[in-house]
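For reference, the structure discussed in these notes is given below.
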Amino acid sequence: MLRAMNGDSNHEHWSSRLGFTLAAIGSAVGLGNMWRFSYMTAENGGAAFVVLYLAMTAFVGLPVMLAELALGRGASRSPIQALAHYGGKRWRPLGILFVASGFLILAYYSVIAGWTVRYAVSALVTGFPDDAGARFSQVAAGWEAVAWHLGFMAVTVWVVSGGIRAGIERSALVLMPLLGSLVVGLAVYAASLDGAGPGYRYYFHTSFAAILDWKVLADAAGQAFFSLSLGMGAMLTYASYLHREHDLPREAITISLADFSVAFLAGMVVFPLLFALGLQSQVIGTAGTAHEVGSLGALFVVLPAAFHAMGMVGRLVGLLFFIALVLGALTSAISLLEVVVASALDGLGWPRRKAA
């Protein structure tokens, strides 16, 4: 029997299929799509990584997502309670692992998200500085970094406190179309740059040797699980608020396609931009693999340097790019916090605002 019939105030429902779909896509789409996918593609043989990522998504990611959606909707409970509902007490530790994973990911994810907010604000107020490396050192450490992190978490808590319909669903209906529009617009702009062609060629180049590399396969699997929000209870928790008539296979395919589309389009922004400005050597080594600058360094040092070199146009493009990062980070952080909040509601009986 649904918890709503039992008078449990925790059991809310999405008001529409669109609301759930956009919220679930928001959970999947985040920093992993906006930058990590592009960087992993550069590091692992271009289109070879994309092919393996699609294969892992189709043959592993989709079945796992469908399982999480079915468990959540069937039990109408958060991860710990849902797994105990189907598997008994022996499955409770797995539910606890789901919640702990989401909490730990949120713990570092929100720190990086705080950096993206600060870069977006800086782009709006002062622009990008000459010395991007020194700027990143200032942004990534100290009490100001803590303050921006806490500010980002405050917004996340505020949204989750509003509940499923008034908080999470309402924010998804606004944020996800805005994010999609920004990414598409940036991809169109990147295509107009002189010198973007080599960036596309690098992005779409396929190294068949890389397809047979176990490391590339492992990276593709890790990206698929991280990007689709699998194994951390987010999809299971969101599905617990679904009505019974929802078509779960269709939802899983829609979420996966949207997740990949945003990641793919982000690559069509990053690579043409880097090559058009001649900055590819700072990210891509002589062997065609990712440079030792690292993924975070490339995101917060190389790209801001590129935006600075573009002048006022770069300031606007950089502002839109970091706003897109903030939106993706926020929608993912909301889902991660909801996993922990829903578990507190189910297991401890706390009211939503206190739990958030």
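The values are calculated or read from the model by the stated rules, or taken from the named source; none is laboratory data. These numbers were taken from a predicted model, which means no experiment stands behind them. Note that we place each Cβ from the backbone using ideal geometry, even for glycine, and neighbour counts take in every protein chain shown.
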Just for helices (runs of 4 or more DSSP H) wholly inside the range 244-356: which have at least 1 residues that are of a type in the set (Gly, Ala, Ser) and at pLDDT 90 or above?
248-276, 312-348, 352-355
Checked the range 146-182 for anything among the small types (Gly, Ala, Ser) and farther than 17 Å from LEU325 by Cα; matches are ALA147, ALA154, SER161, GLY162, GLY163, ALA166, GLY167
The lone exception for LYS215 - which of (1) free of Cβ contacts under 8 Å to residues at least 40 places away in the same chain; (2) under 24 Å from LEU54 (Cβ atoms) it fails:
(1)
Out of curiosity, is GLY328 over 24 Å from ALA24 (Cα atoms), under 24 Å from the mean Cα position of the chain (by Cα) and crowded, with 18+ Cβ neighbours inside 10 Å?
no
Out of all the residues in the range 215-228, is one or more in contact with a Gly (Cβ under 7 Å, 6 or more places away or on another chain) and aromatic (Phe, Trp, Tyr)?
yes
Count of the range 47-79 residues which are under 18 Å from the mean Cα position of the chain (by Cα), over 19 Å from GLU245 (Cα atoms) and hydrophobic (A, V, I, L, M, F, W, C)
5
Restricting attention to helices (runs of 4 or more DSSP H) lying wholly within the range 94-194, give those where 2 or more residues are farther than 30 Å from LEU274 by Cα.
143-161, 170-191
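If you take the residues in the range 166-177 that are of a type outside the set (A, V, I, L, M, F, W, C) and in contact with a helix residue (DSSP H, G or I) (Cβ under 7 Å, 6 or more places away or on another chain), which one is surrounded by the fewest Cβ atoms within 10 Å (Cβ to Cβ)?
Ranking the candidates gives GLY167 first.
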Filter the range 55-69 for residues that are closer than 22 Å to VAL99 by Cβ and either touching a helix residue (DSSP H, G or I) at 6+ places or on another chain (Cβ under 6 Å) or of a type in the set (D, E, K, R) (or both); the one that is surrounded by the fewest Cβ atoms within 10 Å (Cβ to Cβ) is LEU66
Tell me, yes or no, whether the range 147-163 has at least one residue that is β-branched (Val, Ile, Thr), in contact with a helix residue (DSSP H, G or I) (Cβ under 6 Å, 6 or more places away or on another chain), surrounded by fewer than 17 Cβ atoms within 10 Å (Cβ to Cβ) and in contact (Cβ under 8 Å) with a residue 12 or more places away in the chain.
no
Those residues of the range 234-261 which are within 21 Å of PHE321 (Cα to Cα) and either surrounded by fewer than 24 Cβ atoms within 10 Å (Cβ to Cβ) or small (Gly, Ala, Ser) (or both) amount to ALA258, PHE260, SER261
For ASP130, the lone unmet condition from (1) modelled with pLDDT of 90 or more; (2) closer than 19 Å to VAL301 by Cα is (1)
Tell me whether the range 10-20 contains one or more residues that are touching a Ser or Thr at 6+ places or on another chain (Cβ under 9 Å), assigned to a helix (DSSP H, G or I), touching a residue at least 40 places away in the same chain (Cβ under 8 Å) and not acidic (Asp, Glu).
no
Please determine whether any residue of the range 146-155 is of a type outside the set (S, T, N, Q) and within 30 Å of ALA67 (Cα to Cα).
yes
Quick one: is GLY114 crowded, with 20+ Cβ neighbours inside 10 Å, without any contact (Cβ under 8 Å) to a residue 60 or more places away in the chain and of a type outside the set (A, V, I, L, M, F, W, C)?
yes
Touching a Leu at 6+ places or on another chain (Cβ under 8 Å) and aromatic (Phe, Trp, Tyr): does that describe TYR109?
yes
Out of GLY222, GLY231, GLY180, I need the residue that is within 29 Å of GLY95 (Cβ to Cβ) and either surrounded by 16 or more Cβ atoms within 10 Å (Cβ to Cβ) or among the basic types (Lys, Arg) (or both). Which one?
GLY231
